[in-house]
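Asks: Can you read through this structure? Questions will come right after.
Each value in this text was obtained by applying a stated rule to the coordinates, not by laboratory testing. Treat the numbers as computed from the prediction; the structure is a model and nothing was measured. All Cβ positions, glycine included, derive from the backbone under ideal geometry; neighbour counts span all protein chains shown.
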Amino acid sequence: MKYKCWKKLALGITNQNYLTANNLFVRYSLPDTTFYLDHHNEIKVLEALKNVSWTIPIVDYGFEANNFYLVSPYLTNSTTINTNNLTPNLLKQASNLIKNLWAVKIANPVIFDPEQFLNNFKSKIKTPLVDLTSYEKTIDYQKLVTPAKDLVLCHNDLNPGNFLIHHDKMYLIDFEYAMYNDRLFDIGSFISETLTKPEDITLWLTFFDLNRQEKEKLAAWINYQNILWIYWATYMYQERQNRVFYDIVRAKYQKLKQEGQLF
């Protein structure tokens with residue numbers, strides 16, 4: 001490794017994360033993620049964000065053998081958004097961070113293709129853990145199409161761990177999946193990955209002023225995301241045999257079996 005790491009951190013589930021003796025956070029990718037994570041695009045996003053105050057500054061990044069590494073300051077005693085400490089103020093801060101990201105412009109951006117992205121995982125799976133045949137038929141890709149003029153830079157992975165809180169300030173981090181996409185994908189991603197209480201979902205939606213048609217499309221995106229992340233977690237479980245990925249499959253599958261999301 002380029003960086004002499006002091007200890008491995010129990011953070012995240014996709015990458016290997018380390019702390020150096022001089023308090024730097026080092027993230028190393030693993031080879032089984034290279035087919036779906038475009039780190040050259042991530043670099044482009046990071047360069048576009050290098051002067052903003054609402055994400056953690058990047059010290060260094062690059063490639064070492066088959067690994068992409070990313071280095072940033074380690075914020076001691078930081079916390080993340082989670083279902084135990086969510087408040088209206090935190091939800092508002094999170095919505096503002098996402099809107100800040102949407103406002104960032106990138107030349108010649110990579111555009112998210114939902115059908116291709118899902119099929120990439122599907123093609124890699126040798127033994128499915130659950131049968132998604134009937135659920136996949138509910139995906140209406142035509143309904144998910146977004147005019148090019150309405151595409152924005154989206155995070156595309158708004159799980160609680162990607163909202164870092166340090167000294168009462170919230171930061172948006174980890175842009176591995178960031179691409180131009182429909183903003184409804186991010187709105188839905190936060191609902192699907194972070195929110196569990198109906199009252200929190202209701203409040204969250206007030207920050208975006210969606211009309212009925214947009215709410216219907218939002219529900220379609222959440223349905224797609226549940227199926228997508230089941231395929232992702234199935235692939236990751238196949239490659240690593242880590243129980244956490246199996247648990248994600250079961251949790252997302254339970255969500256699919258529930259009645260469709262309505263807003």
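Asks: For the range 104-245, would you read off the P(r) tail past 24 Å as a percentage of all alpha carbon pairs?
Replies: Numbers: 3679 of 10011 pairs.
For the range 104-245, the share of Cα pairs beyond 24 Å comes to 37 percent.
Asks: Given q = 0.15, 0.21, 0.28 Å⁻¹, what are the Debye log10 I(q)/I(0) values for the range 5-73, with equal point scatterers placed on the Cα positions and solvent ignored?
Replies: The calculated log intensity ratios at q = 0.15, 0.21, 0.28 Å⁻¹ are -0.50, -0.98, -1.36.
Asks: So if each residue of separation counts as 0.36 nm, and I subtract the Cα-Cα distance between ARG212 and ASN96, what length gain in nm does that give?
Replies: Working: separation 116, 0.36 × 116 = 41.76 nm, distance 2.22 nm.
Gain on extension, ARG212 to ASN96, equals 39.5 nm.
Asks: To the nearest whole percent, what portion of all C-alpha pairs in the chain is separated by more than 31 angstrom? Before the final figure, lay out each step's value.
Replies: Details: 8221 of 34453 pairs.
Summing the P(r) of the chain above 31 Å gives 24 percent of all pairs.
Asks: What does the charge add up to near LEU90, with Lys and Arg as +1, Asp and Glu as -1, over the other residues with Cβ less than 11 Å from its Cβ? Write down the numbers at each step before the final one.
Replies: On the way: positive: LYS92; negative: ASP168, ASP200.
So the environment of LEU90 carries a net charge of -1.
Asks: Restricted to Cα positions, what overall size does the range 194-263 have along the principal axes? Three whole-Å values, descending.
Replies: 42, 20, 20
Asks: Rounded to the nearest 20 debye, what is the charge dipole size of the range 136-186 about its Cα centre when +1 sits on each Lys and Arg Cβ and -1 on each Asp and Glu Cβ? Kindly include the intermediate steps, with their values, before the conclusion.
Replies: Details: 5 positive and 9 negative charges, 35 e Å.
Charge dipole, the range 136-186, about its Cα centre: 160 debye, nearest 20.
Asks: Moving on. Using a cut-off of 12 Å between beta-carbons, work out the net charge of the residues near ASN41 (Lys and Arg +1, Asp and Glu -1, ASN41 not included).
Replies: Values: positive: LYS44; negative: ASP38, GLU42, GLU47, GLU176.
So the surrounding residues net to -3.
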